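Worksheet: the structure to be examined is printed underneath.
The values are calculated or read from the model by the stated rules, or taken from the named source; none is laboratory data. Note that the structure is predicted; figures quoted are calculated from it, not measured. Please note: Cβ atoms are built from the backbone with ideal geometry, for glycine as well, and neighbour counts cover all protein chains shown. Remember, those area values only see protein heavy atoms, side chains included, never the ligands or the DNA or RNA. Shrake-Rupley method; radii C 1.70, N 1.55, O 1.52, S 1.80 Å.
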Amino acid sequence: MQVRSAVIPAAGLGTRFLPATKAVPKELFPIGDQPAIQVVIDEALGAGIDHIVVVSSRAKPAIDAYFAPDEALLAALDDKGKHDTAERLRAIGRDWRVSIVYQDNPKGLGHAVGCAHEAVGDEPFAVLLPDELMGSSALLAQMNGVCASTGGSVVAVVEVQPHEVSSYGVIDPSGPLSDDGVIPVRDLVEKPPMDEAPSNFILTGRYVLTADAWSEIAALQPGRGGELQLTDALRAQASRAPFHGVVADIGRYDTGNPLGFLTASIELGLASPELGGPLRRFLSDLQT
Ligand code: G1P
């Protein structure tokens with residue numbers, strides 16, 4: 001079954017980007033002329049998803065404003081003959097649906113995702129963490145296919161150096177990696193100390209989950225850091241049903257901190273048809 005809904009947790013305070021995030025949510029920071037959240041939405045749409053559920057906070061009204069129609073702005077653009085720009089704005093949420101739900105208390109990623117249950121309904125769904133941007137929809141589309149063929153949940157993984165594992169969720173593989181990058185998973189652990197990590201494959205912010213994840217999320221108890229951890233809901237799934245990782249071998253950009261955001265902007269700018277040429281020339285002039 002094709003997953004129809006994608007949950008994008010976007011309620012965080014963005015403390016690593018203060019003071020910039022004091023007034024502007026980091027999900028709206030520009031990548032070229034797009035807010036970062038639109039890059040994530042486009043990835044989901046490219047994988048066949050048509051319902052976006054943003055988990056926001058009432059302290060971030062600018063996120064609501066991005067999705068709300070603005071007839072006065074559209075009329076002003078049309079008056080100026082800027083029909084292409086007006087058309088891009090009209091397209092926001094036109095061929096796909098957006099639901100905004102609110103997480104009033106930051107209790108962890110598991111809690112944030114759980115806030116989307118009613119909007120998604122009891123069906124499989126994707127979760128896309130907007131701190132990571134992907135160069136294409138290929139990974140999510142492959143994960144969706146693995147979920148459909150195995151009937152179990154799927155997480156994106158990437159292999160990192162041992163000293164990095166303690167900042168992430170880590171999988172415990174139950175078999176080898178296949179030629180197409182799929183690895184069976186028997187358990188997961190959130191942010192283990194390096195010497196207790198079951199592998200070097202970390203969770204990298206993309207999930208395709210079967211509907212029973214909702215009851216596991218609802219039953220979560222505080223885990224690592226006292227938070228309700230999504231990883232703990234997944235370990236319950238992995239203990240009783242097929243569960244797989246798919247290795248992310250596409251471009252992947254961590255925008256969770258200012259340097260990562262800057263480098264992601266440059267890499268995605270280089271890949272852009274409009275900005276790529278001039279940006280490449282600017283960068284090579286800098287080096288000479
Ligand atoms: C979250 C997840 C973690 C995952 C990471 C990916 O952690 O809890 O399992 O590996 O995202 O970015 P956070 O970065 O919110 O601490």
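Data overview
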item: Separation of the K80 and L259 label points, Cα + 7 Å toward Cβ, nm; result: 3.8
item: Distance from the range 3-35 to the range 106-160 (C-alpha centre basis), Å; result: 18
item: Sequence-distant residues sharing a close amide H with G48 (under 5 Å, placed H); result: none
item: Highest-fluctuation residue, A36, A72, A264 considered, GNM on the chain with Cα pairs under 10 Å; result: A72
item: Relative contact order computed over the range 152-200 (Cα-Cα under 8 Å; 6+ residues apart), in percent; result: 43
item: Length-normalised contact order for the chain - Cα pairs under 8 Å, 6+ apart - percent; result: 21
item: Accessible area of the chain belonging to carbon and sulfur atoms, whole % at 1.4 Å probe; result: 54
item: Relative contact order, percent, the range 181-288 [alpha-carbon distance under 8 Å, six or more residues apart]; result: 30
item: Gaussian network model of the chain, Cα within-10 Å springs - most flexible of D249, D212, D195; result: D195
item: Helix-only [θ]222 nm of the chain, DSSP H runs n ≥ 4, -39500 (n - 2.57) each, per residue, nearest 500; result: -9500 deg cm²/dmol
item: Exposure of R206 as accessible area (Å², to 10), given a probe of 1.4 Å and all protein chains; result: 0
item: 26 Å tail of the calculated P(r), the chain, as % of Cα pairs; result: 45
item: Probe 1.4 Å, protein heavy atoms only - accessible area per residue of the chain in square angstrom; result: 48
item: Choice from H83, H117, H51 showing the highest fluctuation, given a GNM over the chain with Cα pairs closer than 10 Å; result: H83
item: Simple Cβ-charge dipole of the range 1-98, Lys/Arg +1 and Asp/Glu -1, about Cα centre, in debye nearest 20; result: 460
item: Positive dipole terminus of the chain, leading residue within L139, T21, L128 (C-beta point charges); result: T21
item: Chain lengthening between T15 and R224 when straightened (0.36 nm per residue, less Cα-Cα); result: 73.3 nm
item: Using a Förster distance of 45 Å, the FRET efficiency for T288-D195 (Cβ separation, nearest 0.05); result: 0.45
item: Largest-first ordering by accessible area, 1.4 Å probe, given options C115, C147; result: C115, C147
item: Unit charges on C-beta of K, R, D, E only; dipole of the chain, Debye; result: 440
